[in-house]
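The values are calculated or read from the model by the stated rules, or taken from the named source; none is laboratory data. Keep in mind the model is a prediction, meaning the values are calculated, not measured. Don't worry about glycine lacking a Cβ; one is built from the backbone with ideal geometry, like all the others, and counts go over all protein chains shown. The accessibility values were calculated without ligands, DNA or RNA, using every heavy atom of the protein model including side chains. Shrake-Rupley method; radii C 1.70, N 1.55, O 1.52, S 1.80 Å.
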Amino acid sequence: MIKDEIIKLITERRARVGVIGLGYVGLPLLIEFARNGFDSTGFEVDETKATEINDGRSYIGDVSSSAVKELTATERLRATTNFDHLKDCDAIIICVPTPLRKTKEPDVSYILAAAEEIKRNLRRGQVIVLESTTYPGTTDEVLLTMFEETGMKLDTDFLLAFSPERVDPGNPQFQTHNIPKVVGGCTDSSTEAAAHLYSQIVKEVFAVSSARVAEAAKLLENTFRAVNIGMANEMARLCYALNIDTWEVIRAAATKPFGFMAFYPGPGIGGHCIPLDPHYLSWKARQHGFDSRFIGLAEEVNSRMPEHVVQLVADGLNDDRKPLKGSRVLLLGVAYKKDVNDVRESPALSIIDLLRRKGALVSYHDPFVAELRFDDAHTQDSNEPLQSIPMTDEELRASDCIVIVTDHTQINYKRVTELAPLIVDTRNALGGELRRVSKARVIRL
Ligand SMILES: NC(=O)c1ccc[n+]([C@@H]2O[C@H](COP(=O)([O-])OP(=O)(O)OC[C@H]3O[C@@H](n4cnc5c(N)ncnc54)[C@H](O)[C@@H]3O)[C@@H](O)[C@H]2O)c1
């Protein structure tokens, strides 16, 4: 049986692994297979990335260049733009982007492009796994149909499964090898083979009964976050109106040892997952005449947070008898979360756009993001790119307001509280003591 052949190849470390898409998800995964003794090939459309890997350099924060160099030197790791080599792989994993169209509908064109290449190179004895986050049904409605058009048959010739990626960029505690992996195949044999493959590189594999369950589980995880962050954001706005300290309220509620899980407010949600993935679920629900109201409500609340942040800046400046127009506003951090360089969907883009439209003179400092472009941002105006400026004493003193949008660890917040006149802290980056001794007036979300 094909399943037994693949499992044997994997057990004996003779299976050759191919990962399509070497981004935040694909590169760490590829490294993990190479590190565990598998012949590993990364497939990229971006030639620069393939060259970087082959030259032993990493462009992803969570992967060190020394790890890439060490593995390319053993010749177990390589990257290529030539998809003909997919034929040489026994296991193929797809990790390409799954964005939204402007209409907020799923854009699975990257998955389709990767699947076309697999279809062209499909041969007997391969196990294929989709990792890109997508709506339930993609693996067996879209991929399986495409692959069977070759005349080859599932279970007889190839195996197919879905296994969602859960990587959390910038998290030093949980990385690919110690995050449990959910696996669901289009058939039991597919589940078994894919689960066996992942069990070589991760500590815990949780097999489910179908690819659809695995696809839906991923969307539940991210929708759960979006909805709960929405709740925390609503609470923050409510507390601001009632003049109650949101953070203290959450800290107090979190002392309950059961039935409560702390989520925190912020300037809005960002990254490639939380703002996008729930739309994959609501889109699929709509196809079946179901209106997923929690998702819509969370999106509405979360997407309004940048406006609220700008309101806090305006309120703070107003108390200093200053209008937003002509005021110097310095953003600290523009990445969508702390200690990463990813600005995709970052709320900083909307905050800057809103501030500029009100006539504020906006600049930013982010040790991870040298330049901020607005090409793909959902902003109203096509803004000029901005460059990160050094956080000098003069800049801090000359700013009318500092907005902490991202709480990067390496920023010296004490210095900020000593030199700036006004700080809007959207992340509770200034701990209680810092706030108490702050010379700056601090407004918290
Ligand atoms: N970034 C995260 O934190 C995260 C976490 C969990 C799940 N995911 C999901 O994983 C998937 C990948 O996300 P990512 O953050 O790694 O994206 P990414 O943009 O960092 O990387 C995707 C890579 O795929 C390449 N690519 C695009 N089309 C290709 C093709 N046809 N063939 C080969 N390469 C191609 C791109 O050049 C890019 O390097 C998405 O579905 C995302 O929702 C991401």
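For the chain, with the dipole built from +1 on Lys and Arg beta-carbon atoms and -1 on Asp and Glu ones, taken about the Cα centre, which of S350, S327, T98 lies farthest toward the positive end? Positive-most Cα among the choices belongs to S327. Peptides 260-267, 55-62 ranked from most to least packed give 260-267, 55-62, packing being the mean of other C-beta atoms within 10 angstrom over each peptide's residues.
Computed from point charges on the beta carbon alone (+1 for Lys and Arg, -1 for Asp and Glu), the dipole magnitude for the range 167-226 about its Cα centre is near 120 Debye.
How large is log10 of I(q)/I(0) for the range 1-152 at q = 0.16 Å⁻¹ when the intensity is taken from the Debye formula with one equal scatterer per alpha-carbon? So the normalised log intensities work out to -0.88. Taken over the range 1-84, the percentage of Cα pairs per 10 Å bin, counting from 0 up to the bin with the maximum distance, is 19, 51, 23, 6, 0. By DSSP, the beta bridges lying fully in the chain are antiparallel in about 10 percent of cases.
By the Stokes-Einstein formula, at 1.567 mPa s and 4 °C, the chain with its Kirkwood radius over alpha-carbon pairs has D equal to 55 µm²/s. For the range 252-258, backbone phi angles converted through the Karplus equation (6.51, -1.76, 1.60; θ = phi - 60°) give residue-by-residue couplings of 5, 4, 6, 6, 6, x, 8 Hz, Gly and Pro being listed as x. In the full protein context, the chain carries 45 Å² of accessible surface per residue, based on a 1.4 Å probe and ignoring ligands, DNA and RNA. Karplus-derived 3J(HN,Hα) values for the range 141-153, using 6.51 cos²θ - 1.76 cosθ + 1.60 with θ = phi - 60°, are 7, 9, 5, 4, 4, 4, 5, 6, 5, 6, x, 7, 10 Hz; glycine and proline are entered as x. Axis of helix 109-121 versus longest Cα principal axis of the chain: the two differ by about 20°, to the nearest ten degrees.
Calculated translational diffusion coefficient of the range 240-350 (10 °C, 1.306 mPa s; Stokes-Einstein with Kirkwood radius over alpha-carbon pairs) equals 94 µm²/s. Taking the protein heavy atoms of the chain in the context of the full set of protein chains, the accessible area attributed to carbon and sulfur is 51 percent at 1.4 Å. Between F290, S438, A236, the Cα set farthest toward the positive side of the dipole of the chain (charges on each charged residue's Cβ, about the Cα centre) is that of S438.
Peptides 293-302, 434-443, ordered by how many other C-beta atoms sit within 10 Å of their residues on average, highest first, read 293-302, 434-443.
A Cβ-based charge dipole, computed about the Cα centre of the range 35-186 with Lys and Arg at +1 and Asp and Glu at -1, lands at about 180 debye.
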